[in-house]
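Working notes for the structure below.
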Amino acid sequence: MSESQLTQAFVTALGISAEQVTDELTYNEIDAWDSTAHMILIAELEDTFDIMLDTDDIIDMSSVAKAKQILHKYQVNPE
Amino acid sequence: MLQDKVILITGANRGIGLATAQVCIALGATVLLAGRNEVQLELVAEQLGERAIAMCYDLTDETQVKQAFAHIKQHIGHLDGLVNNAGMMHNAPAAMTSLDSLQQQLTLNTVAAFQHIQLASRLMRKPGCGRVVNLCSIVGERGAAGQSAYAASKAALTGITKSLAKELAAQQICVNAVAPGFIDTELHSDFSDKQRENIINTVGLGRMGTPREVADLISFLLSDHAAYITGQIIGIDGGMQL
Ligand SMILES: NC(=O)c1ccc[n+]([C@@H]2O[C@H](COP(=O)([O-])OP(=O)(O)OC[C@H]3O[C@@H](n4cnc5c(N)ncnc54)[C@H](OP(=O)(O)O)[C@@H]3O)[C@@H](O)[C@H]2O)c1
């Protein structure tokens, strides 16, 4: 699992550039990461890492940094 | 009409759920028969053939439902349709309805249905393929004396149907419901002949509906023929006046 896979998932799901995908990027901070895009992002992460996220984790995934933390729980470790 | 579609039906061992499974299989779908009665589900799966798969879990247990969907994701990868059919009805005047009974009906008829849509919609990724059909009721739409708890659980499901139709439209998932009137199943097994007769007298067509008639409507809503229908609660009640 590489950090580039995680970045790519954000890029594909939110339609933003790779440069915008920083740890500090937070949910609802940009128009591209609204609630509809959030579900597309979840689908993308689940497909990329072959996992099924819990509802609580979907709610908690409020930033890129938080996404990394949550993915660790699923034995996914974007380095 | 449902060729190559994968459809999960809750409460598929009898009544409307079983009829829906039969129709979906006949129309070419692969059907996941969900419910709590393992023996009956296995029997139905055996009768329906290799495109019917029994999935036994407690529909009201959050963890078991998650595990069931994780299993679908792992072994099948996607879903095309969900039919939230399992339901229970306790008839009693409000003063004689325990909060426990209200809670049980809400837990199965509303909360379990909600969780199933929540998880199923995430497996409906093929463009244009997502279909959810909920079993609402004429009682939830119009109200009926002696059925306030059941009505509450079904009216809540109507609200879920209309709201999620709007929310999931962005993902091209259609969410509809059928609202049956008086259908000949075990749901009414405790009704006396007199009670049945009284109800049938309120039905314009003068008879109970059959599970197959409801199943035909559900299978239509699951099919590509219904691709432009969403957010609808479609009555199937033979012209019943409540
Ligand atoms: N029949 C009607 O006139 C009518 C009218 C309006 C709406 N509906 C709705 O249509 C749906 C199907 O009803 P039906 O007429 O086919 O009734 P039914 O013959 O009584 O079947 C009900 C189904 O729900 C399942 N179920 C009940 N309680 C359950 C529980 N606690 N956990 C898991 N599964 C449970 C049953 O499984 P078990 O065999 O394991 O109990 C069965 O598969 C229901 O949602 C009902 O409210 C029916």
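For every residue, the table says whether it meets (1) more than 14 Å from chain A (Cβ to nearest Cβ); (2) under 13 Å from the mean Cα position of the chain (by Cα); (3) loosely packed, with under 12 Cβ neighbours inside 10 Å; (4) more than 10 Å from the ligand (Cβ to nearest atom).
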position: B:179; (1), (2), (3), (4): yes, yes, no, no
position: B:186; (1), (2), (3), (4): yes, no, yes, no
position: B:189; (1), (2), (3), (4): yes, no, yes, no
position: B:196; (1), (2), (3), (4): yes, no, no, yes
position: B:207; (1), (2), (3), (4): yes, no, yes, yes
position: B:211; (1), (2), (3), (4): yes, yes, no, no
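Could you check how many residues of region A:41-52 are under 17 Å from residue A:17 (Cβ atoms) and open to solvent by 10 Å² or more (accessible area, probe 1.4 Å)?
1
Could you please give the count of residues in region A:1-40 that are without any contact (Cβ under 8 Å) to a residue 12 or more places away in the chain, farther than 27 Å from residue B:119 by Cβ, open to solvent by 60 Å² or more (accessible area, probe 1.4 Å) and not in a helix (DSSP H, G or I)?
Number satisfying all stated conditions: 2.
Conditions: (1) under 16 Å from residue B:148 (Cβ atoms); (2) within 12 Å of chain A (Cβ to nearest Cβ); (3) not aliphatic (A, V, I, L, M). Residue B:93 meets all but one. Number of the miss?
(2)
Provide a single number: the residues in region B:79-104 that are in contact (Cβ under 8 Å) with a residue 40 or more places away in the chain, out of contact with any Lys or Arg (no Cβ under 6 Å at 6 or more places or on another chain) and more than 9 Å from the ligand (Cβ to nearest atom).
Result for region B:79-104: 11.
For region B:1-22, how many residues meet the condition of being in a helix (DSSP H, G or I), open to solvent by 10 Å² or more (accessible area, probe 1.4 Å) and not small (Gly, Ala, Ser)?
Here the count works out to 3.
Can you tell me which residue is surrounded by the most Cβ atoms within 10 Å (Cβ to Cβ) among those in region B:65-78 that are more than 19 Å from the chain's Cα centre (by Cα) and either within 16 Å of the ligand (Cβ to nearest atom) or over 20 Å from residue B:13 (Cβ atoms) (or both)?
Ranking the candidates gives B:73 first.
Would it be correct to say that residue B:221 is within 12 Å of the ligand (Cβ to nearest atom), part of a helix (DSSP H, G or I) and either under 17 Å from the mean Cα position of the chain (by Cα) or surrounded by fewer than 23 Cβ atoms within 10 Å (Cβ to Cβ) (or both)?
No, not satisfied.
The values are calculated or read from the model by the stated rules, or taken from the named source; none is laboratory data. Just so it is clear, the model here is predicted, and its values are computed rather than measured. Every residue, glycine as well, gets a Cβ built from its backbone with ideal geometry; the counts of neighbours run over all protein chains shown. When the accessible area is computed, the model is the full protein with side chains, heavy atoms only, and any ligands, DNA or RNA have been set aside. Shrake-Rupley method; radii C 1.70, N 1.55, O 1.52, S 1.80 Å.
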